[in-house]
Amino acid sequence: MLRINCPHCGEREHSEFTYGEDANRSLPATDASLETWNEYVYQRDNVAGEHMEYWHHALGCRTWLKVQRNTLTHEISWVGLPHDMPPSQTEAQS
């Protein structure tokens with residue numbers, strides 16, 4: 001069972017959360033072509049390994065979280081708020 005460490009509530013069962021979406025994707029411009037919007041809505045990468053996702057703590061503090069999870073093992077390596085970045089990415093930008 002997945003356990004997510006909410007920054008506000010502490011470690012909780014994944015059943016308290018709902019999956020949001022891929023945290024690596026950006027919304028297209030409002031005037032983007034229909035093809036661009038079609039790709040955004042329907043085309044998804046099926047990542048094998050470390051992946052950044054948005055999760056909503058629906059049955060807790062109702063905060064949106066950014067979660068780094070391994071899609072093969074389901075191991076969660078980092079949890080933060082949507083504007084936060086994992087230490088490995090922060091160091092890479094320095």
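FYI, it's all coordinate maths here, none of it is from the lab. What you see is a predicted model; the values in this text were computed from it and never measured. Virtual Cβ from ideal backbone geometry, glycine too; neighbours counted across all protein chains shown.
Taking the chain as a whole, the Cys residues whose C-beta sits 4.7 Å or farther from every other Cys C-beta are 61.
Under a Cβ-only charge scheme (Lys and Arg +1, Asp and Glu -1), can you give me the dipole magnitude of the chain about the Cα centre, in debye to the nearest 20? Display every interim value, and only then the final one.
Details: 7 positive and 14 negative charges, 58 e Å.
So the magnitude is around 280 debye.
Note on the chain: dipole from Cβ charges, positive end direction compared against 54, 8, 26; the farthest Cα belongs to 8. Among 36, 63, 71, the largest mean-square fluctuation in a Gaussian network model of the chain, built with springs joining Cα atoms closer than 10 Å, belongs to 36.
Taking the chain on its own, what percent of its Cα-Cα pair distances exceed 20 Å?
Working: 1908 of 4371 pairs.
More than 20 Å apart: 44 percent of the Cα pairs in the chain.
If each DSSP helix of 4+ residues adds -39,500 (n - 2.57) and the sum is divided by the residues in the chain, what number results at 222 nm, nearest 500 deg cm²/dmol?
-4500 deg cm²/dmol
Restricting the trypsin sites (Lys or Arg not before Pro) of the range 1-92 to loop positions (DSSP other than H, G, I, E, B) with no more than 11 neighbouring Cβ atoms within 10 Å leaves 44, 62.
Hey, in the GNM for the chain with a 10 angstrom Cα cutoff, which one of 31, 22, 84 fluctuates hardest? Residue with maximal mean-square fluctuation among 31, 22, 84: 31. A Gaussian network model of the chain, with springs between Cα atoms under 10 Å, assigns the largest mean-square fluctuation among 38, 24, 70 to 38. Here's how it looks for residue 5: its modeled amide H is under 5 Å from those of 12, which are all 5 or more places away or on a different chain. Loop-located GluC sites (Glu not before Pro) in the range 1-88 (DSSP state not H, G, I, E or B) with no more than 15 neighbouring Cβ atoms inside 10 Å: 75.
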